[in-house]
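Student: Structure provided below as structure tokens; questions to follow.
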Amino acid sequence: MKRILLFSLFFGFALIAHGQTTSPILANYLKLKDALVASDVTKSTQAVAELEKSIDASPEFAQKNDLKKQVAAMAKTTDLEKQRAAFAAVSTTVYQAAKSQKWSNQELFYQYCPMKKTYWLSTESAIKNPYYGSKMLACGSVKETIPAKTK
């Protein structure tokens, strides 16, 4: 399993260097977001662990230390509501990094939850709120569209 993960991370970074894929950090962040949307604590806990590994394996970037601390805080809990609360800080930091580092080969949508007064990133313009899951799935709006990176 470790070999597969290391190979995936290495291969992912090699593709990023050639401008052909989305950052492994962003990809794992999006898996985490989807797990929170689905209210699946098993998948969200796994996604947090994968996100931690991809951060550790990544080259340096301005927000790396902040992101490591924020994700480490998420890793300390398996409570879905606590994970959702910690996800807000992670989302802000991933947004800053994804925008400045041009981490995605596709458009990203920076979305806002008015009930929690916080944001998240998505690859879809349709709202799927990770802070409430099915309780308020469509609550929110797109606040910014981040263009896909160019080669």
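The values are calculated or read from the model by the stated rules, or taken from the named source; none is laboratory data. Just so it is clear, the structure is predicted and the values come from calculations on it, not from any experiment. A quick note on method: Cβ atoms are made from the backbone with ideal geometry, for glycine too, and the neighbour counts reach across all protein chains shown.
Student: Of a type in the set (Lys, Arg), at pLDDT 50 or above and closer than 20 Å to residue 122 by Cβ: does that describe residue 64?
Tutor: Answer is no for this residue.
Okay, residues lined up against (1) on the phi > 0 side of the Ramachandran plot; (2) loosely packed, with under 15 Cβ neighbours inside 10 Å; (3) touching a residue at least 24 places away in the same chain (Cβ under 8 Å); (4) in contact with a Gly (Cβ under 7 Å, 6 or more places away or on another chain):
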{"site": "41", "(1), (2), (3), (4)": "no, no, yes, no"}
{"site": "52", "(1), (2), (3), (4)": "no, no, no, no"}
{"site": "57", "(1), (2), (3), (4)": "no, no, yes, no"}
{"site": "76", "(1), (2), (3), (4)": "no, yes, no, no"}
{"site": "98", "(1), (2), (3), (4)": "no, no, yes, no"}
{"site": "116", "(1), (2), (3), (4)": "no, no, yes, no"}
{"site": "122", "(1), (2), (3), (4)": "no, no, yes, no"}
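Student: Of the residues that sit in segment 129-146 and are among the hydrophobic types (A, V, I, L, M, F, W, C) and not in a loop (DSSP other than H, G, I, E, B), which one is surrounded by the most Cβ atoms within 10 Å (Cβ to Cβ)? So that I can check it myself, show each step before the final result.
Tutor: Looking only at segment 129-146, we keep the residues that are among the hydrophobic types (A, V, I, L, M, F, W, C), and these are 136-139, 142, 146.
Checking which are not in a loop (DSSP other than H, G, I, E, B) leaves us with 136, 142, 146.
Working: 136: 14, 142: 14, 146: 17.
Here the answer is 146.
Student: Let me ask another. Does residue 71 satisfy the criteria of being in contact with an Asp or Glu (Cβ under 8 Å, 6 or more places away or on another chain), within 19 Å of residue 28 (Cβ to Cβ), at pLDDT 95 or above and of a type in the set (Val, Ile, Thr)?
Tutor: Considered against the rule, which asks whether it is in contact with an Asp or Glu (Cβ under 8 Å, 6 or more places away or on another chain), within 19 Å of residue 28 (Cβ to Cβ), at pLDDT 95 or above and of a type in the set (Val, Ile, Thr), residue 71 comes out as yes.
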